[in-house]
Amino acid sequence: MRLVQFESDGGRCVGVVDESGNRLTVVEGAERVYDLALEAARAGQGLEQHVTARLGGETVSYDALLAESRILPPLDHPDPAHCLVTGTGLSHLGSAQARDDMHAKLAAGADDLSDSMKMFKMGLDGGKPAPGEIGAQPEWFWKGDGSIMTGCGRALASPGFAEDAGEEAEIAGLYVIGDDGQPLRVGFALANEFADHVMERRNYLYLAHSKLRVCGIGPELRLGALPDSVRGTVRVRRANQVLWESEFLSGEANMSHSIANLEHHHFKYPLFRRPGDVHVHFFGAGTLSFAAGIKAVDGDIFEIDCPDFGRPLTNPLRVEDEPGLVPVTAL
């Protein structure tokens with residue numbers, strides 16, 4: 001089952017993508033997946049079972065919603081401050097060529113490895129522990145709260161002080177924390193993590209700054225387990241032409257960490273198990289246009305297309321004006 005949140009004439013709705021992929025069946029009385037998830041947990045039901053029982057006869061055109069930019073991120077919180085957006089990096093094996101290059105670097109010896117390569121090697125050696133065991137700790141970063149999430153078709157705004165505005169095609173895990181503090185995985189969605197790669201490359205200690213950007217999520221929330229191998233295509237379009245495209249690989253078969261290990265190392269902190277909070281956690285990228293020398297400009301369109309997740313995630317880039325000095329007033 002795949003769920004979509006969207007704006008309606010009277011507010012907001014949740015819909016289930018039908019078999020054709022062209023229409024959404026409206027979930028009766030539901031404004032948010034968030035509410036449905038907590039209701040299901042409290043009733044001891046799976047989310048798919050709970051949603052199925054709430055389906056009515058009303059359907060809407062998926063194409064029309066996309067054309068009118070009425071698609072919302074597939075999971076959010078009524079208070080954006082209670083939606084935490086985070087991620088892990090150095091978790092994907094990349095293309096065959098990238099794998100060969102990385103193995104050649106690893107064979108050179110630990111003394112010659114950068115901190116990034118050391119971290120990547122830790123994942124290769126211990127990122128997929130046996131069930132019930134704890135594996136290597138991954139890289140981790142903070143992106144922001146729910147206010148930074150952007151729905152399919154809506155612009156990704158790059159601040160005027162940014163040095164780069166590049167896509168990162170990823171899968172995100174979407175979670176709600178239950179009443180008892182138990183993390184509950186609602187499902188998975190396509191995601192454009194969107195970051196400033198020039199700033200990050202300037203000095204790795206700028207990584208935290210480079211991640212403080214908006215991100216694209218959706219359009220669909222896929223319930224159930226993530227396929228072992230996820231394959232799709234990521235593109236950058238300019239003036240109605242494909243400027244760059246590459247294969248998009250994810251899923252545990254293409255990762256150096258298991259999903260369970262990444263989840264443990266996020267939710268092991270009590271701060272991230274606060275009842276009622278929403279978490280959107282990026283699992284890492286295996287390819288990006290920046291590595292191919294592409295510099296995105298205002299009006300470019302990012303597209304992440306993966307059949308396992310239904311419709312592609314598309315977002316145009318909007319470069320904002322330089323904000324200038326931000327003054328602070330002493331009280």
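Here is how the numbers come out for the structure above:
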read-out	value
For the chain: lysine pairs under 27 Å (alpha-carbon distance), excluding those fewer than 8 apart on one chain	20
9 Å beta-carbon shell around H197, net charge (K/R +1, D/E -1)	-4
Relative compactness, the stretch 171-244, computed as alpha-carbon Rg over 2.2 N^0.38 Å	1.45
Residue-normalised accessible area of the stretch 203-331, expressed per residue, 1.4 Å probe, Å²	48
Tensor-based shape of the stretch 191-331 (alpha-carbon gyration tensor, a/c under 1.5 rounded, otherwise prolate or oblate)	oblate
At 0.692 mPa s and 37 °C, Stokes diffusion of the stretch 33-86 via Kirkwood alpha-carbon radius, µm² per second	244
Under 5 Å, built H, 5+ apart or other chain: amide partners of V27	V14, G15, V16
The chain - Rg and Dmax from Cα coordinates, angstrom	19.8, 64
Accessible solvent surface per residue of the stretch 13-63, calculated while the other protein chains remain in place, 1.4 angstrom probe, Å²	50
Rg followed by Dmax, in Å, when the stretch 230-305 is reduced to its Cα trace	16.5, 47
³J(HN,Hα) computed for each position of the stretch 130-137 - Karplus, 6.51 cos²θ - 1.76 cosθ + 1.60, integer Hz, glycine/proline x	5, x, x, 9, 9, x, 4, 7
Under 13 Å, Cβ to Cβ, from A239 - net charge with Lys/Arg +1 and Asp/Glu -1	0
Value of Rg to Rh for the stretch 2-103 (Rh from inverse mean 1/r over Cα pairs, i.e. Kirkwood)	1.12
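The values are calculated or read from the model by the stated rules, or taken from the named source; none is laboratory data. These numbers were taken from a predicted model, which means no experiment stands behind them. Using ideal geometry, Cβ is built from the backbone for each residue, glycine included, and neighbour counts are taken over all protein chains shown. Heavy atoms of the whole protein, side chains included, go into the accessibility calculation; ligands, DNA and RNA do not. Shrake-Rupley method; radii C 1.70, N 1.55, O 1.52, S 1.80 Å.
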